[in-house]
Amino acid sequence: MPGLLERYRPYLPVTDRTPPLSLHEGSTPLIPAPKLSEALGCELHLKYEGLNPTGSFKDRGMVMAVAKAVEDGADTVICASTGNTSAAAAAYAARAGLKCIVLIPDGNIALGKLAQAMAYGARIVAVQGNFDEALHLVREISAAHPIALVNSVNPHRLQGQKTAAFEIVDDLGEAPDILAIPVGNAGNISAYWMGFREYRSAGKMPGLPRMWGIQAAGAAPLARGVDRVEHPETIATAIRIGAPASAHLARAAVQESGGLFDLVTDDEIMAAYHRIAGEGVFCEPASAAPVAGLLKLHAAGQLKPGQRIVAVLTGNGLKDPQSALRSVAAPVAVPARMDAVLESIL
Ligand code: F0G
């Protein structure tokens, strides 16, 4: 498959002057989850965004945003990030020959994401504050300096990210009944909703899904119906966000689709994380939130049987090895002798 700018060109703001930037992002698999489907009494598919070039869905939006930055003559891009955006920005900036500056919340970014931004050569500033504070800073910097902002408040990001909705419809032949998705800064749920609506207008399918946005309990302003959570906290550092920049778009998506917001605890997230791994699919903790939400809502009798559901697994499990290692017993070391090995396995 070609990259997204080529695959979905008619639906994207690609012009003759847009460079053909690509790391062959997108075209990720929609993997059936038979065990979870049985538990939910539904047909669950996992949209495994962890198979993008930098391991998260951010590549979809970043290829578009960086291509447009090049088209507009920028030589530097900047973003605030809980980790995945910075990895994607650094990769596409490297590919396009731009400089990249990223602000990350000091001490609250998963190891793999930090390693990626470093390897791709970004200038990394660890801010002693949270994501919301870092986003505020980069917005001011890009307003005052000739540096392109590539956070999802940049509309090109959502344009690129909406292509995931197209792929789901292309794979299923129609929209699912429910699209369950983790919500942090609220760009992705908004992008999916835009994508589903555009594809329906293009005559690709008759129906639209209900949008179910799931937040971590310690960082759940939308699920709680408040504007901001002052000190967001969750093991799912990707969505450790208290004041989502696209809250208004996300609320509209949920309202227009007849969907819902809900929240899940860190324990529920990690339980879902292991059940997803039990299907042979490894995602990062934030990505397990929608499955945790589905299990919770099913237990509360709010899931109609037989529905077709897609849960978006936004990031690869390898992004956050520490969460994996902390959540299971460490392997036991034994001497390199047959009797010792057999004793430990039989
Ligand atoms: N899942 C993962 C793995 C993420 O990295 C993010 C956001 C989300 C879900 C939530 O998506 O913000 O569009 O609602 N990560 C951003 C970042 C904030 O900086 O990488 P959202």
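Residues of the range 262-315 being closer than 19 Å to A165 by Cβ and surrounded by fewer than 20 Cβ atoms within 10 Å (Cβ to Cβ), which ones?
Of everything in the range 262-315, those that are closer than 19 Å to A165 by Cβ and surrounded by fewer than 20 Cβ atoms within 10 Å (Cβ to Cβ) turn out to be Q307, R308.
Given (1) within 11 Å of the ligand (Cβ to nearest atom); (2) touching a Phe, Trp or Tyr at 6+ places or on another chain (Cβ under 6 Å); (3) hydrophobic (A, V, I, L, M, F, W, C), where does A87 come up short, assuming only one miss?
(2)
Quick one: which residue in E167, E174, E198 is more than 12 Å from the ligand (Cβ to nearest atom) and more than 25 Å from T15 (Cβ to Cβ)?
Values: E167 fails: more than 25 Å from T15 (Cβ to Cβ); E198 fails: more than 25 Å from T15 (Cβ to Cβ).
Just a single option satisfies the conditions, and that option is E174.
Out of everything in the range 257-268 that is part of a loop (DSSP other than H, G, I, E, B) and touching a Gly at 6+ places or on another chain (Cβ under 9 Å), what residue ends up being farthest from the ligand (Cβ to nearest atom)?
In this case the residue turns out to be T265.
Being without any contact (Cβ under 8 Å) to a residue 24 or more places away in the chain, in contact with a helix residue (DSSP H, G or I) (Cβ under 7 Å, 6 or more places away or on another chain) and on the phi < 0 side of the Ramachandran plot narrows it down to one residue among A272, A243; which is it? Break it down into steps so the answer makes sense when it comes.
Values: A243 fails: without any contact (Cβ under 8 Å) to a residue 24 or more places away in the chain.
Among A272, A243, only A272 is without any contact (Cβ under 8 Å) to a residue 24 or more places away in the chain, in contact with a helix residue (DSSP H, G or I) (Cβ under 7 Å, 6 or more places away or on another chain) and on the phi < 0 side of the Ramachandran plot.
Restricting the range 300-331 to residues that are in contact with a helix residue (DSSP H, G or I) (Cβ under 6 Å, 6 or more places away or on another chain) and β-branched (V, I, T), which is nearest to A191 (Cα to Cα)?
Of everything passing the filter in the range 300-331, T314 is nearest to A191 (Cα to Cα).
So which of P146, P155, P209, P176 ends up being under 25 Å from P20 (Cβ atoms) and touching a strand residue (DSSP E or B) at 6+ places or on another chain (Cβ under 8 Å)?
Details: P155 fails: touching a strand residue (DSSP E or B) at 6+ places or on another chain (Cβ under 8 Å); P209 fails: under 25 Å from P20 (Cβ atoms); P176 fails: under 25 Å from P20 (Cβ atoms).
Selected residue: P146, the only one of P146, P155, P209, P176 that is under 25 Å from P20 (Cβ atoms) and touching a strand residue (DSSP E or B) at 6+ places or on another chain (Cβ under 8 Å).
Yes or no, residue by residue, for (1) within 27 Å of I31 (Cβ to Cβ); (2) in a helix (DSSP H, G or I); (3) out of contact with any Ser or Thr (no Cβ under 6 Å at 6 or more places or on another chain):
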{"position": "A252", "(1), (2), (3)": "no, yes, yes"}
{"position": "Q255", "(1), (2), (3)": "no, yes, yes"}
{"position": "A271", "(1), (2), (3)": "yes, yes, yes"}
{"position": "R275", "(1), (2), (3)": "yes, yes, yes"}
{"position": "G280", "(1), (2), (3)": "yes, no, yes"}
{"position": "A330", "(1), (2), (3)": "no, no, yes"}
{"position": "V334", "(1), (2), (3)": "no, no, no"}
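Which one of G50, G61 is under 12 Å from the mean Cα position of the chain (by Cα), near the ligand (Cβ under 10 Å from one of its atoms) and farther than 23 Å from P13 by Cβ? Spell out how you get there, then give the answer.
Numbers: G61 fails: farther than 23 Å from P13 by Cβ.
Answer to the selection: G50.
Counting residues that are surrounded by 20 or more Cβ atoms within 10 Å (Cβ to Cβ), among the β-branched types (V, I, T) and in contact with a strand residue (DSSP E or B) (Cβ under 8 Å, 6 or more places away or on another chain), which helices (runs of 4 or more DSSP H) fully inside the range 1-111 reach at least 1?
Values: elements: 4-7, 34-40, 58-71, 84-96.
In the range 1-111, 58-71, 84-96 are the helices (runs of 4 or more DSSP H) which contain 1 or more residues that are surrounded by 20 or more Cβ atoms within 10 Å (Cβ to Cβ), among the β-branched types (V, I, T) and in contact with a strand residue (DSSP E or B) (Cβ under 8 Å, 6 or more places away or on another chain).
Cβ-Cβ under 9 Å, sequence separation 6+ or interchain: first residue in the range 119-145 and assigned to a helix (DSSP H, G or I) and of a type outside the set (V, I, T), partner away from the ligand (no atom under 14 Å from the Cβ) and open to solvent by 80 Å² or more (accessible area, probe 1.4 Å). Which pairs?
Close Cβ pairs (under 9 Å, with a partner that is away from the ligand (no atom under 14 Å from the Cβ) and open to solvent by 80 Å² or more (accessible area, probe 1.4 Å)) amount to D132/R228.
Report whether or not A299 is on the phi < 0 side of the Ramachandran plot and touching a residue at least 12 places away in the same chain (Cβ under 8 Å). Full working, then the answer.
Details: on the phi < 0 side of the Ramachandran plot: yes; touching a residue at least 12 places away in the same chain (Cβ under 8 Å): no.
For A299, the condition - on the phi < 0 side of the Ramachandran plot and touching a residue at least 12 places away in the same chain (Cβ under 8 Å) - is not met.
When the residues of the range 282-291 are filtered to those that are part of a helix (DSSP H, G or I) and not hydroxyl-bearing (S, T, Y), which remaining residue is nearest to the ligand (Cβ to nearest atom)? Break it down stepwise before answering.
So in the range 282-291, the residues part of a helix (DSSP H, G or I) come out as 285-291.
Then keep just the ones that are not hydroxyl-bearing (S, T, Y); that gives 285-286, 288-291.
On the way: P285: 8, A286: 4, A288: 10, A289: 8, P290: 9, V291: 12 Å.
Filtering the range 282-291 for residues that are part of a helix (DSSP H, G or I) and not hydroxyl-bearing (S, T, Y), the one nearest to the ligand (Cβ to nearest atom) comes out as A286.
Quick check on the range 64-84: of everything there that is within 16 Å of the ligand (Cβ to nearest atom) and either of a type outside the set (V, I, T) or under 14 Å from T18 (Cβ atoms) (or both), which residue is farthest from the chain's Cα centre (by Cα)? Give the derivation first.
Taking the range 64-84 first, the residues within 16 Å of the ligand (Cβ to nearest atom) are 64-66, 77-84.
The next check asks that each one be either of a type outside the set (V, I, T) or under 14 Å from T18 (Cβ atoms) (or both); those that pass are 64-66, 79-81, 83-84.
Details: M64: 16, A65: 16, V66: 18, C79: 16, A80: 15, S81: 12, G83: 11, N84: 8 Å.
In this case the residue turns out to be V66.
The values are calculated or read from the model by the stated rules, or taken from the named source; none is laboratory data. Quick caveat: nothing in here was measured; it's all calculated off a predicted structure. As a convention, Cβ positions derive from the backbone with ideal geometry for all residues, glycine included, and neighbour counts pool all protein chains shown. To get the accessible areas, we keep the full protein, side chains included, count just its heavy atoms, and leave off ligands, DNA and RNA. Shrake-Rupley method; radii C 1.70, N 1.55, O 1.52, S 1.80 Å.
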